Amino acid sequence: MAVSMGYQVGQQQVPAITDKRLWVIESEFANVLQQSRRGGNTLSAALRDCWDGVDLKPATKTFRVHASEPHVCLSGAITPSELLALVRRRDLLNGFVNRFLMVWGERTQVEALPRRAPQARVEALAAEVVDILDFTRSMSEDGGRTVLMTMTDKARHRYASLYQRELNEDLGSTLIDSLLERRAPMLLRLAMVFALTDRTWQIEEEHIDAAMAWVRYATDSVGFVLTGGQQFAITVSGRMGSRPNLRLLSSQGFCVAQRFGGGLLWSSSAGHCR
């Protein structure tokens, strides 16, 4: 946990942590749900605060540490059956689950002995990530940690149009609507990431469209999972489906289902496949 101020353990003084970024990878997201179900456990509330970006101040009488301005990301994996069995209806409606971008994943082929990805390809991807990180560090204002990102006029108009219509569309189910209530802020966060991968501090219309493709896919994923894999009669911008549309992202310029070692590689750069 990133600590805002130093604290003392016995006679040892633990210094403050200034880098408040934390990326948690939980391959068994069921563990998180089981922990949050325990009486008196504050994990659900803490994760909601992380998404909102507010200071974390656990209400404990001893070892009172806290984190200011945390920047936390949690990536989890879970099967639909586990999700439906462990998530309580309260979690579905209180804003806990809808703070996660839920996307359906499936393999497109079966390989008994997957081949390793070429080392040159791995190094090229790593170099590109480093280049993006260097860009974000070098452009910070006056050496500060926060930079204001803006949108072009076309991006603003595109987002406003989506916000007035599809992003606030009634999907005909109180439960599904509650799980997708944060589609608009999710879209903006994704568009920001896509802009940064293009080494620009300005969000353009194509970044909004690329982010909207993911939001639409997440919308399909939620409907598919909550109906147990059966066909869900929900019309979203003229789309009807019995499962998430795996071709949707590809149509938006994403490189979908490229073999990368034993898994799948999803990549995008403002809608351009590379």
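What follows is calculated from the coordinates using simple rules that are stated; it is not laboratory data. It should be emphasised that the depicted structure is a prediction, and the values quoted were computed from it without experimental measurement. A quick note on method: Cβ atoms are made from the backbone with ideal geometry, for glycine too, and the neighbour counts reach across all protein chains shown.
Stretch residue 48-residue 160 to full length: gain in nm at 0.36 nm per residue minus the Cα-Cα span?
On the way: separation 112, 0.36 × 112 = 40.32 nm, distance 2.62 nm.
Taking 0.36 nm per residue and subtracting the Cα distance, the gain is 37.7 nm.
Averaged over every viewing direction, what's the projected area of the C-alpha convex hull for the stretch 135-216? Give it in nm², one decimal, please.
Directional mean of the projected Cα hull area for the stretch 135-216 stands at 5.8 nm².
Quick one: order 48, 115 by neighbouring beta-carbon count within 10 Å, fewest to most. Before the final figure, lay out each step's value.
Working: 48 15, 115 9.
Fewest to most other Cβ atoms nearby, the residues stand as 115, 48.
Assuming 0.36 nm per residue, please report the length gained on full extension of the stretch residue 73 to residue 18 beyond their Cα-Cα distance. Can you show the working numbers first?
Values: separation 55, 0.36 × 55 = 19.80 nm, distance 1.70 nm.
Answer, rounded to one decimal: 18.1 nm.
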